[in-house]
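Notes follow once the structure below has been shown.
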2 protein chains.
Amino acid sequence: MPLTFFTPGPAQLYPTFEKHLQTFVADQLGAISHRSQQYRNLHKFTVDQLRTLLNVPETHAILFLGSASEAWERILFSCVELESFHLVNGSFSKKFYDYSSALNKYAHKFEKPMGQGFSASEIDVPEYAELIAVTHNETSSGVQMPVSEIHKLKQRNPDKLIAVDMVSSAPYPDLDYNLIDTAFFSVQKAFGLPAGLGVWIVSEKCLAKAQTIKKQYSIGAHNDLPTLWKNALNNETPATPNVMGIYLLGKIAEDFNAIGVQTIRKQTEQKAAAIYKFIDRTAGFTPFVKEKAFRSQTVIVTDTEQPSSDIIKSIKDKGMVIGSGYGEFKNSQLRIANFPATSSEDVEKLLFELGKI
Amino acid sequence: MPLTFFTPGPAQLYPTFEKHLQTFVADQLGAISHRSQQYRNLHKFTVDQLRTLLNVPETHAILFLGSASEAWERILFSCVELESFHLVNGSFSKKFYDYSSALNKYAHKFEKPMGQGFSASEIDVPEYAELIAVTHNETSSGVQMPVSEIHKLKQRNPDKLIAVDMVSSAPYPDLDYNLIDTAFFSVQKAFGLPAGLGVWIVSEKCLAKAQTIKKQYSIGAHNDLPTLWKNALNNETPATPNVMGIYLLGKIAEDFNAIGVQTIRKQTEQKAAAIYKFIDRTAGFTPFVKEKAFRSQTVIVTDTEQPSSDIIKSIKDKGMVIGSGYGEFKNSQLRIANFPATSSEDVEKLLFELGKI
């Protein structure tokens, strides 16, 4: 029996994935040269579909990396000469912060315990920080920073660059790229694809900063921003890219555009509301994130009375896979992904079975 | 009509690729957690198959990156504090050299024109160079450095680390990992898979060096060697990996092991001999690499009397794709890949059609 995955990534593959994969194989796209017009058309198609889906203006390039973690490194190399500032409230925002220190930058942080969120008004950005690193959706804890607060944070700090990690939420957050300098995600979350591809949206301002930094410091050698950018102008990548991943992403983005991103966002909110309602009303479950404004719409975390491993096991017997808690919460929480690949009916079935636990 | 690709990468997909891809999809492996036992088993399977295929001892880890170009950067971060030394005779060996400068290392080089090769006896390694960077197979020019010369070079310079780029030749070169400190390849060449995965073979000595360098300099943040190594001990990767690529690579390596690597190497040499014989004897074709000892067995480059674009076009009409020359040789050379995915019969058919040009 095929399983339905409600795991926070790798996650359920999008229903059209197999069809697109078959086309990729039938058209022998795995063998084409990454310096051919055929590849450049494929590359451009994906960029165009993403540009439409996420409303990315021409001031920003859409670039491909091996993973979103690689984007952390490339952003720090490109946008930070000396000092970065990080909002940390979970394992992934912490890793972004750790990457900065590992590159010998001075990394500031404003840290809160897992499960808590940030508002713009409470954030003081250190004077010499060049970049504000924000995690829209903290996959480890199910905390989301409202997009309006992210925008406000930039408006209060117009001289700083702002980077948004939307790994486990894109295309849900409706970011305004007139404000957001750079953002990134990976494809094995809400896009319902196998892992192995990161997408980096990055502005001309970041490019200019990288070019300035390069005069004095290394900005990395592999996939450095100026080289990536130059290649992207020609719909190419510096190294041989994950052509299969780029192709499939373009087709899924096209499918999303056919539905309409606003519809996808509304469906996400409706499914999330059903899950939170269940958690709120059902004995044995308590939402981990107390403040409603900070509750993630895409990765929903609940405390559980009984060991979560027992629940995961029971639910797997019913043909569904849910995620365990992260780190210290492994056996006391569940993480339920709410991505476009799982329908309202899938969610209803999950909640029905969870209700019988 | 499906085409047969004799291009130097992306290249013809291996005949069993589709079968393995179907199993990957049917088993829903694109959705499994990269922190699950199921993933760790898959990861271990691939590492074990590669260890057997390439005869890699337990002193060396087998690690996964986004591409072989990423390996250039990670090797320089991990193995070079201040100075590296590069044998440069084409575009890819030049890029390895350029990466070193881009990371603010002092990069020495011994350069020869494209088409020429290196012998150990003519190479003087600068006193303070910590790493010797060797390209076993220069994809741009079709020059191979004999494995015996690579081994000799290390034996003459036992205190230096040696790195071997075997991107477009593995599993052909029979490297002795008692001598070779690190080597790497990508999967879209001789392994006949879609691009998007690099494999990095690296010794405990390199790990120790990275740990020493880290005390004073950055060794990178993403996929830094100590973190990759620690995760590999548990059959995991620090970031979500290209699970599909790793799975498929393991299955292809298993197929290669079933045939036997010595047989694959012999078949490679027999097919290469047929192609070189044709080039030597056929009017309008002249081998680019004059010295036989340096002629690549996996990427065969020939000068052409007529514009190579015309030949490529005619051959494509017959259902086969061959590579153009690289850079300045784009329209005066052909590059014919000779990987396991193309059989003796495929090669015969290609030579038959080339003979009618």
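Please treat every number below as a calculation from the coordinates, not as lab data. None of the values given here were measured: they were computed from a predicted structure. Virtual Cβ from ideal backbone geometry, glycine too; neighbours counted across all protein chains shown.
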Next item on the list: Provide an ascending nm list, one decimal, of label-point separations from B:Gln28 to the equivalent residue in each further copy; define each label point as 7 Å from Cα along Cα→Cβ.
Entry: 3.5
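As a test, work out the antiparallel percent of DSSP beta bridges whose residues both lie in the protein assembly as shown, rounded to the nearest 5.
Values: 48 of 88 bridges.
Here the share of antiparallel DSSP bridges comes out near 55 percent.
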Notebook entry, point to check: For the protein assembly as shown, what is Rg from Cα atoms divided by 2.2 N^0.38 Å, rounded to two decimals?
Noted result: 0.96
Next item on the list: Could you tally the net charge around B:His151, taking each other residue with its Cβ under 13 Å from the Cβ of B:His151, Lys/Arg +1 and Asp/Glu -1?
Entry: -1
Next item on the list: Between the label point of A:Leu3 and that of the same position in each other copy, find the distances and list them shortest first in nm, with every label point placed 7 Å from Cα along the Cα-to-C-beta direction.
Entry: 3.9
Item checked: Axis-proximal residue, chain A, for the rotation superposing A on B (Cβ, Å) -> A:Gly66, 1
Note to self: For A:Ile322, what residues show an amide H to amide H distance below 5 Å, using hydrogens built from the backbone and excluding near sequence neighbours?
What the structure shows: A:Phe6
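Return the Rg/Rh value of segment A:268-321, two decimal places, where both radii are evaluated on C-alpha atoms and Rh is the Kirkwood radius. Don't jump to the answer; show the numbers that get you there.
Details: Rg = 11.7 Å, Rh = 12.0 Å.
We get a ratio of 0.98 for segment A:268-321.
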Notebook entry, point to check: For segment B:225-308, what number results from the quotient of the Cα radius of gyration and 2.2 N^0.38 Å?
Noted result: 1.68
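Using only Cα atoms, what is the ratio of the radius of gyration of segment B:200-253 to 2.2 N^0.38 Å? Present the calculation step by step, with values, prior to reporting the outcome.
On the way: Rg = 13.1 Å, N = 54, 2.2 N^0.38 = 10.0 Å.
Ratio of Rg to 2.2 N^0.38 Å for segment B:200-253: 1.30.
Would you mind classifying segment A:57-214 by shape? Square roots of the alpha carbon gyration tensor eigenvalues, ordered a ≥ b ≥ c; an a/c under 1.5 is rounded, otherwise it is prolate if a/b is larger than b/c and oblate if not. Intermediate values should be presented prior to the final figure.
Details: a/c = 1.27, a/b = 1.05, b/c = 1.21.
Since a/c stays below 1.5, the shape of segment A:57-214 is classed as rounded.
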Notebook entry, point to check: Short version: ³J(HN,Hα) in whole Hz for each residue of segment A:107-112, in order, from phi by Karplus 6.51 cos²θ - 1.76 cosθ + 1.60 (θ = phi - 60°), x for Gly and Pro, what are they?
Noted result: 9, 8, 8, 10, 10, 10
Notebook entry, point to check: Given the C-alpha centroids of segment B:1-76 and segment A:66-121, what is the distance between them in whole angstrom?
Noted result: 31
Check: In terms of modelled amide H atoms, which long-range or inter-chain residues lie less than 5 Å from the amide H of B:Val299?
Finding: B:Asn338
Note to self: At 0.36 nm per residue, and after removing the present C-alpha to C-alpha distance, how many nm does the segment from A:Glu236 to A:Glu348 gain when stretched out fully?
What the structure shows: 36.0 nm
Check: Using a simple charge model, +1 on the beta-carbon of Lys and Arg, -1 on the beta-carbon of Asp and Glu, nothing else, what dipole does chain A show about its Cα centre, in debye to the nearest 20?
Finding: 260
Item checked: Averaged over A:73-81, number of beta-carbon atoms from partner chains that fall within 10 Å -> 1
Checklist line | Kyte-Doolittle mean at least 0.0, axial Cα span of 20 Å or more - DSSP H helices of chain B | finding: B:243-259
Item checked: Peptide B:215-226 - average C-beta neighbours from other chains (10 Å radius) -> 5
Next item on the list: Kindly state, to the nearest 0.05, the FRET efficiency for B:Arg281 paired with B:Lys152, given R0 = 41 Å and r defined as their beta-carbon distance.
Entry: 0.80
Checklist line | Computed E for A:Asn331/B:Asp176 - FRET, C-beta separation, R0 56 angstrom, nearest 0.05 | finding: 0.75
Next item on the list: For each of A:Thr268, A:Thr4, B:Thr7, count neighbouring Cβ atoms within 10 Å of the residue's Cβ, then give the residues from fewest to most.
Entry: A:Thr268, A:Thr4, B:Thr7
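Give, rounded to the nearest 20 debye, the magnitude of the charge dipole that segment B:17-145 has about its Cα centre when Lys and Arg contribute +1 at Cβ and Asp and Glu contribute -1 at Cβ.
Values: 11 positive and 15 negative charges, 103 e Å.
Taking the Cα centre of segment B:17-145 as origin, the dipole is about 500 debye.
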Next item on the list: Whole number please: convex hull volume per residue, Cα atoms of segment A:54-123, in Å³.
Entry: 137
Check: From the square roots a ≥ b ≥ c of the eigenvalues of the alpha-carbon gyration tensor of segment B:282-350, which class results: rounded (a/c under 1.5), prolate (a/b over b/c), or oblate?
Finding: oblate
Check: Can you give the direction-averaged projected area of the convex hull of the alpha-carbon atoms in segment A:161-219, in nm²?
Finding: 4.6
Next item on the list: Calculate the radius of gyration of the Cα atoms of segment A:165-310 to one decimal place, then report Dmax, the largest Cα-Cα distance, as a whole number, both in Å.
Entry: 19.5, 60
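How much mean residue ellipticity at 222 nm does chain B get from its helices, if each DSSP H run of length 4 or more adds -39500 (n - 2.57) and you divide by all residues, to the nearest 500 deg cm²/dmol? Working shown, then result.
Values: 11 runs with 142 residues, N = 357.
Mean residue ellipticity, 222 nm, calculated: -12500 deg cm²/dmol.
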Checklist line | Those aspartates and glutamates that a straight Cα-Cα span of less than 16 Å connects to B:Lys214, excepting residues fewer than 8 apart in one chain | finding: A:Asp98, B:Glu73, B:Glu81, B:Glu83, B:Glu130, B:Glu204, B:Asp224
Notebook entry, point to check: Amide H of A:Ser332: which non-local residues (sequence gap of 5 or more, or other chain) have their own amide H closer than 5 Å, using H built in the peptide plane?
Noted result: A:Ser308, A:Gly325
Notebook entry, point to check: Shape call for chain B from the C-alpha gyration tensor, a ≥ b ≥ c root eigenvalues: rounded (a/c under 1.5), prolate (a/b greater than b/c) or oblate?
Noted result: oblate
Notebook entry, point to check: To one decimal in nm, how far is A:Glu111 from the same spot in the other copies, if labels go 7 Å from Cα toward Cβ? Please give the shortest first.
Noted result: 4.8
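Evaluate segment B:1-120: find the radius of gyration of its Cα atoms, find its Kirkwood radius, and give the ratio Rg to Rh.
On the way: Rg = 19.2 Å, Rh = 18.2 Å.
Over the Cα atoms of segment B:1-120, Rg/Rh equals 1.06.
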Note to self: In 10 Å bins starting at zero, report the fraction of Cα pairs in segment B:234-277 per bin as a rounded %.
What the structure shows: 23, 31, 27, 15, 5
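Let me confirm one metric for peptide A:236-246, namely the mean number of other chain beta-carbon atoms within 10 Å of its residues' beta-carbons.
6
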